[in-house]
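Asks: One structure follows; several queries about it will come next.
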Amino acid sequence: MEVHHHPDLHHKKKNFKEYFLEFLMILIKTTQVSFGKYLAMTTCTACHGPDVKGEEGFSPDLIIAAAYKREEFFKLIRTGVAPGGRNLGKMSLVAKADLCYLNNKEINCICAYLQTKPLNY
């Protein structure tokens, strides 16, 4: 297979260090997302179902959380309060009783995982 490059694009050659740093960033992000999936599958599925798509009449699809800003997501996990100050009932109870034990890195990983889920998964 022949690869054609656009004639007007000139790529700056990267040195080993730049390639290595790029590799590390991809590895870290992949690890973060994988750990976030593990945490979501072990922490969130009791209420949001085995695929975290929600349980009709009980809990929403967690894809909604992917739209939250990171600080809003942290507030939701720590307090159960959604953006705009909405009290989420059951989520508020679960956040205060169980999710409050998650550390910042764990919450970041869950957030990273949820942000990788396509809207129509």
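Asks: What residue, of 43, 31, is at pLDDT 90 or above, surrounded by 12 or more Cβ atoms within 10 Å (Cβ to Cβ) and under 25 Å from residue 118 (Cβ atoms)?
Replies: 43
Asks: Name the pairs whose Cβ atoms lie under 9 Å apart, with the first residue in segment 14-31 and under 26 Å from residue 105 (Cβ atoms), the second outside any helix (DSSP H, G or I) and charged (D, E, K, R), and 6 or more positions between them or separate chains?
Replies: 22/14
Asks: Which residues, counting only those in segment 91-118, are farther than 17 Å from residue 40 by Cβ and either at pLDDT below 90 or touching a Gly at 6+ places or on another chain (Cβ under 9 Å) (or both)?
Replies: Taking segment 91-118 first, the residues farther than 17 Å from residue 40 by Cβ are 92-93, 96-97.
Within segment 91-118, 92, 93, 96 qualify.
Asks: Another question about this same structure. Given the conditions (1) free of Cβ contacts under 8 Å to residues at least 24 places away in the same chain; (2) closer than 16 Å to residue 40 by Cβ; (3) surrounded by 16 or more Cβ atoms within 10 Å (Cβ to Cβ), which single one is not true for residue 73?
Replies: (1)
Asks: Could you list, in sequence order, the residues of segment 32-57 that are in contact (Cβ under 8 Å) with a residue 12 or more places away in the chain, closer than 18 Å to residue 92 by Cα and not aliphatic (A, V, I, L, M)?
Replies: Hits for segment 32-57 are 43, 44, 47, 48.
The values are calculated or read from the model by the stated rules, or taken from the named source; none is laboratory data. This is a predicted model, so every value here is computed, not measured. Cβ sites come from the backbone with ideal geometry, for glycine too, and all protein chains shown count toward neighbours.
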